[in-house]
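Every number in this text was worked out from the coordinates using simple rules, so none of it is lab data. Quick caveat, the model's predicted, so the values are computed rather than measured. Ideal geometry is used to build each Cβ from the backbone, glycine not excepted, and the neighbour counts take in all protein chains shown.
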Amino acid sequence: MNPLPPWATGPFELILHAEGHLRSGNDFDRRIALISFDDAIEVAITTYLSLHPIQRNNRTYSNTDLDKWLQNYHSKLDFLEVELKSRSLTWIVARSHIVWAHDHRNEQYHGGNKGTPEKHVLEVIRRAAIWVLSVLFEVPDPERVLEEAIAATAPAEPPQRDSQYDRAIDGKYGLVEIAGQPYYTSELLFGTDNDAYRDLGNRLCSETPASDLETKE
């Protein structure tokens, strides 16, 4: 079950996008990771403040405060400071550190210096983005959620041949000649129809004594 509430999907997708780039590791990817982690902080706060009170444990704020907090990045951090105090929580990542990383992000996005973000800048902004998400949307183990999402987006492993299937298929059907070239039946079937290869291999193995399928030295 996905522990994220549906309204947290937007900021989480930014974190997932950033994490993918961070793990790729080249200079361009590190710049994109910095920008996306930083954006995730702002989007998380904006999303949270835009929710109906029932979606944030009936916490309510005045329209005056909402308008004030939604003005810019720094005013959103003002909200976060108020929210942390109301919940008797502390800054896991210091506000000054978040602002420092945000300034690096602005230099990447708006400034003339397009150098590669340093590792410790990325560590700060990554930790901050994940922490803000976990606080506002009450995600108890955000690192696990992120790892599961990364694993779910990884490409599936290509199918592998099975040596027992190969021996069973080739033992029954032998070689097939195509354009004057001999090919093992198992090789051709695996390459053209993996499901048929596995169905036939499984059936033949169930009909063949195990000793006949052992690798001959």
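Comparing the range 62-108 with the 2.2 N^0.38 Å rule of thumb, its C-alpha radius of gyration ratio is 1.26 (two decimals).
A viscosity of 0.890 mPa s and a temperature of 25 °C, combined with the Kirkwood radius over C-alpha pairs in the Stokes-Einstein formula, give the chain a diffusion coefficient of 114 µm²/s. Backbone geometry of the range 130-145 corresponds, through the Karplus equation with coefficients 6.51, -1.76 and 1.60 at θ = phi - 60°, to 3J(HN,Hα) couplings of 5, 5, 4, 4, 5, 6, 5, 9, 6, 9, x, 9, x, 5, 5, 4 Hz, x marking Gly and Pro. Projecting the Cα atoms of P158, N106, I178 onto the charge dipole of the chain (Cβ charges, centred on the Cα centre) puts N106 farthest toward the positive pole. Placing +1 on the Cβ of every Lys and Arg and -1 on the Cβ of every Asp and Glu, with no other charges, gives the chain a dipole of roughly 960 debye about its Cα centre.
Largest first, the extents of the alpha carbon coordinates of the range 163-213 on the three principal axes equal 34, 21, 14 Å.
With the alpha-carbon atoms of the range 1-75 aligned to their principal axes, the span from lowest to highest coordinate is 45, 34, 10 Å, starting with the largest. Relative to one another, the C-alpha centroids of the range 10-53 and the range 182-196 are positioned 45 Å apart. Taking amide H atoms as placed 1.01 Å from N in the peptide plane, the amide H of Y183 lies under 5 Å from those of V176, E177, I178, each 5 or more residues away in sequence or on another chain. In order along the range 21-30, the phi-based Karplus estimate (6.51 cos²θ - 1.76 cosθ + 1.60, θ = phi - 60°) of 3J(HN,Hα) comes to 5, 4, 6, 5, x, 7, 4, 4, 4, 5 Hz; Gly and Pro are listed as x.
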